[in-house]
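Written below as structure tokens is the structure these notes are about.
The values are calculated or read from the model by the stated rules, or taken from the named source; none is laboratory data. Predicted, not measured: the structure shown is a model, and the values here were computed from it. Don't worry about glycine lacking a Cβ; one is built from the backbone with ideal geometry, like all the others, and counts go over all protein chains shown. Note: accessible area is taken over every heavy atom of the protein model, side chains too, but ligands, DNA and RNA are not part of it. Shrake-Rupley method; radii C 1.70, N 1.55, O 1.52, S 1.80 Å.
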Amino acid sequence: MGRTARNTARAGTLTAGPGPVVVGILNVTPDSFSDGGDFFDPEAAAEHAAAMLDEGADMLDVGGESTRPGSDPVSQEEEIRRVVPVLKRILSVRPEAVISVDTYRSGTAKAALEAGASLVNDVTALRGDPGMVSLIEEAACPVILMHMQGEPKTMQKEPNYQDVVREVRDFLAERAEYAVAAGVRLENIIVDPGIGFGKNFQHNLALLRNLDALVDLGFPVLIGTSRKSFVERITGVQEARDRVFGTVATTVLAFEQGATFFRVHDVRANRQALAVAEAVLHTSRR
Ligand code: HH2
């Protein structure tokens with residue numbers, strides 16, 4: 001078995017397990033909302049990746065394009081140029097690392113999988129590129145299907161729902177059905193409500209309060225709340241890097257409702273909180 005197949009199998013183990021799975025965020029971008037420019041240099045990126053693994057990350061999510069509200073897309077060539085050297089560098093020092101590539105472009109996903117990535121994090125849930133679903137099916141790798149209303153450039157202008165929880169749940173169920181109809185294996189699907197992606201403050205809170213409705217779909221649920229602006233709205237903390245305590249609260253609440261994957265910038269804090277939450281909840285179940 002080649003390295004990619006081995007790492008894909010390892011990613012499958014994370015998907016099948018009870019969790020919690022801590023996903024360390026690595027943005028190889030000049031403009032991400034909280035860490036833009038910090039890890040744009042491949043060496044700095046690889047060092048940060050190793051640090052997150054040492055702090056207890058189970059996997060890493062590497063992205064080459066910011067999808068923050070108002071952001072502009074980059075070209076596929078540029079995205080590949082940012083992501084692939086970093087993947088190679090991380091895997092040369094940490095060959096066992098499970099890495100997802102945060103992209104909706106099949107060309108970038110293909111290049112990343114060839115470089116040793118194990119799964120794909122698609123914020124468009126396979127709507128962004130018609131070639132993505134067949135790539136996932138052929139690679140037999142896990143895929144994260146995320147809900148987003150609109151697109152990053154304009155998504156925060158006027159998010160609008162009748163019933164945000166029901167609409168997000170129905171969307172994720174439909175996207176999972178689409179993937180399965182195209183041959184993607186059920187056990188390779190992870191779903192994500194897409195906190196902050198075409199959602200206002202109340203929408204985000206409603207989703208976090210009712211995550212169990214998404215867990216009921218039967219797929220592992222990933223949650224991405226890390227340092228996001230709803231934490232600022234609640235706490236008044238303007239500096240994104242300082243929103244770790246608020247983020248940790250969301251991690252614990254989401255874990256209690258059955259979320260499995262936690263996409264975070266601050267690995268150490270979230271890992272520690274999850275260890276405690278896990279111990280308490282497991283004890284109380286006995
Ligand atoms: N959030 C961001 C990016 N990718 N992927 C998933 N599946 N879920 C998320 O919630 C999610 C995501 C935005 O956060 P970040 O990567 O820190 O910022 P930016 O998009 O500015 O790079």
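Tally up the residues in segment 49-62 that are surrounded by fewer than 23 Cβ atoms within 10 Å (Cβ to Cβ) and out of contact with any helix residue (DSSP H, G or I) (no Cβ under 7 Å at 6 or more places or on another chain), please. So the answer is 3. Every condition in (1) of a type in the set (A, V, I, L, M); (2) within 26 Å of VAL264 (Cβ to Cβ); (3) open to solvent by 20 Å² or more (accessible area, probe 1.4 Å) is met by ALA112 except one, and the failing one is (3). Taking the criterion of being within 14 Å of the ligand (Cβ to nearest atom), touching a residue at least 12 places away in the same chain (Cβ under 8 Å) and open to solvent by 30 Å² or more (accessible area, probe 1.4 Å), the residues of segment 16-37 that qualify are ASP31, PHE33.
Go through segment 179-202 and report how many residues are within 16 Å of the ligand (Cβ to nearest atom) and in a loop (DSSP other than H, G, I, E, B).
So in segment 179-202, the residues within 16 Å of the ligand (Cβ to nearest atom) come out as 179, 188-201.
Adding the requirement that they be in a loop (DSSP other than H, G, I, E, B) leaves 193-200.
Count: 8.
For every residue, the table says whether it meets (1) under 22 Å from GLU138 (Cβ atoms); (2) among the polar types (S, T, N, Q); (3) within 11 Å of the ligand (Cβ to nearest atom).
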position	(1), (2), (3)
ASP61	yes, no, yes
GLU65	no, no, yes
ARG68	no, no, yes
GLU78	no, no, no
ILE90	no, no, no
ALA115	yes, no, no
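A residue that is open to solvent by 20 Å² or more (accessible area, probe 1.4 Å) and in a helix (DSSP H, G or I) can be found somewhere in segment 90-100. Selection of first residues in segment 1-14 that are crowded, with 20+ Cβ neighbours inside 10 Å and of second residues that are at pLDDT 70 or above and of a type outside the set (A, V, I, L, M, F, W, C), restricted to Cβ pairs under 7 Å at least 6 apart or on distinct chains, gives the following pairs, ordered by first then second residue: ASN7/GLY116; ASN7/SER118; THR8/SER118; ALA11/SER118; ALA11/PRO142; LEU14/ASP58. Take the conditions (1) over 12 Å from THR124 (Cα atoms); (2) within 12 Å of the ligand (Cβ to nearest atom); (3) touching a His at 6+ places or on another chain (Cβ under 9 Å); MET155 misses just one of them, which is (3). Just checking, how many residues over segment 136-167 are in a helix (DSSP H, G or I) and either out of contact with any strand residue (DSSP E or B) (no Cβ under 9 Å at 6 or more places or on another chain) or surrounded by fewer than 22 Cβ atoms within 10 Å (Cβ to Cβ) (or both)? Residues in segment 136-167 being in a helix (DSSP H, G or I) and either out of contact with any strand residue (DSSP E or B) (no Cβ under 9 Å at 6 or more places or on another chain) or surrounded by fewer than 22 Cβ atoms within 10 Å (Cβ to Cβ) (or both): 6 in total.
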